[in-house]
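Visitor: After the structure tokens below, expect a handful of questions from me.
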Amino acid sequence: MRFFLFFISIILLQACSSEKAKENVAKSLKADTLLFTQEGTNVTIHYTDSGHLKATIFAPALIGYKKDGNEIVKMPKGINGEFFNSDGLKESTITAEKGISYQTKKITEVWQNVVVTNIKGEKLNTEKLIWNQNTQKIYTDKFVRITTATEILTGEGMEAKQDFTSWVILKPRGTISIKKDSTDN
């Protein structure tokens with residue numbers, strides 16, 4: 001008889017555990033409407049507009065998912081990107097340690113050691129940058145340092161064309177002139 005009661009209690013315990021697990025999964029699905037997940041390594045993303053290549057983004061690791069109607073792509077190990085003009089020529093580059101792209105909204109955010117360079121040789125350093133594909137602008141509200149051939153400019157916030165050829169610092173802090181050494185060519 002004891003064996004029979006022990007056996008029945010094991011079955012009930014397993015049934016309760018199974019029901020509890022199903023209940024937890026159901027709660028999880030209700031709280032988080034995750035529809036699919038995709039993962040990849042060494043992924044290259046091509047952004048096009050009307051058949052013209054606008055940007056190429058390389059990510060060592062990529063996690064894509066759809067949540068609450070939004071397609072989201074996380075790049076937890078950083079990005080390297082190139083932006084192209086209408087003739088297909090490279091206009092600027094970007095690197096960052098982390099990134100996320102909201103595909104439905106056409107917004108990409110990158111952060112940690114963000115560096116952007118353009119065809120003029122100008123370089124932007126900041127900790128966060130947002131690219132709005134709809135407006136074709138990049139911007140930040142964080143500290144920025146822009147290095148040109150003759151100056152280093154600093155400030156808070158910046159807006160620019162997505163190719164970083166035309167930019168403005170929103171709250172300038174200072175400018176340092178760079179003099180070329182006569183021994184430089």
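Visitor: Only residues that are in contact (Cβ under 8 Å) with a residue 60 or more places away in the chain and of a type in the set (D, E, K, R): list them for the stretch 60-104, please. First the steps, then the outcome.
Guide: From the stretch 60-104, those in contact (Cβ under 8 Å) with a residue 60 or more places away in the chain are 83, 85, 91-92; that's our starting set.
The one that is in contact (Cβ under 8 Å) with a residue 60 or more places away in the chain and of a type in the set (D, E, K, R): Glu91.
Visitor: So which residues in the stretch 39-51 are modelled with pLDDT under 90 and surrounded by 12 or more Cβ atoms within 10 Å (Cβ to Cβ), if there are any at all?
Guide: Scanning the stretch 39-51 gives Ile45, Tyr47.
Visitor: Show me the strands (runs of 3 or more DSSP E) found entirely inside the stretch 65-183 where at least 2 residues are of a type in the set (Ser, Thr, Tyr), more than 19 Å from the chain's Cα centre (by Cα) and farther than 21 Å from Ala55 by Cα. Please lay out each step first, then the result.
Guide: Working: elements: 70-75, 79-84, 90-96, 98-102, 107-118, 123-132, 137-147, 151-161, 167-177.
Filter on the stretch 65-183 gives 167-177.
Visitor: May I ask you to verify whether Leu89 is buried (at least 21 other Cβ atoms within 10 Å of the Cβ) and aliphatic (A, V, I, L, M)?
Guide: When the stated conditions are applied, Leu89 does not pass them.
Visitor: Could you grab me the full set of residues in the stretch 120-144 that are touching a Leu at 6+ places or on another chain (Cβ under 7 Å) and more than 15 Å from Glu109 (Cα to Cα)? Full working, then the answer.
Guide: First pass over the stretch 120-144, keeping only residues touching a Leu at 6+ places or on another chain (Cβ under 7 Å): 138, 140, 144.
Once the filter is applied, which keeps residues that are touching a Leu at 6+ places or on another chain (Cβ under 7 Å) and more than 15 Å from Glu109 (Cα to Cα), the stretch 120-144 yields only Val144.
Visitor: Moving on to the next point. Report whether or not Thr140 is in the same structural domain as Thr56 (by TED's automatic domain parsing), at pLDDT below 95, crowded, with 16+ Cβ neighbours inside 10 Å and in contact with a Gly (Cβ under 8 Å, 6 or more places away or on another chain).
Guide: Working: in the same structural domain as Thr56 (by TED's automatic domain parsing): yes; at pLDDT below 95: no; crowded, with 16+ Cβ neighbours inside 10 Å: yes; in contact with a Gly (Cβ under 8 Å, 6 or more places away or on another chain): yes.
No; evaluated as a whole, the condition is false for this residue.
The values are calculated or read from the model by the stated rules, or taken from the named source; none is laboratory data. Quick caveat: nothing in here was measured; it's all calculated off a predicted structure. Here the Cβ is made from the backbone with ideal geometry for all residues, glycine too, and neighbour counts use every protein chain on show.
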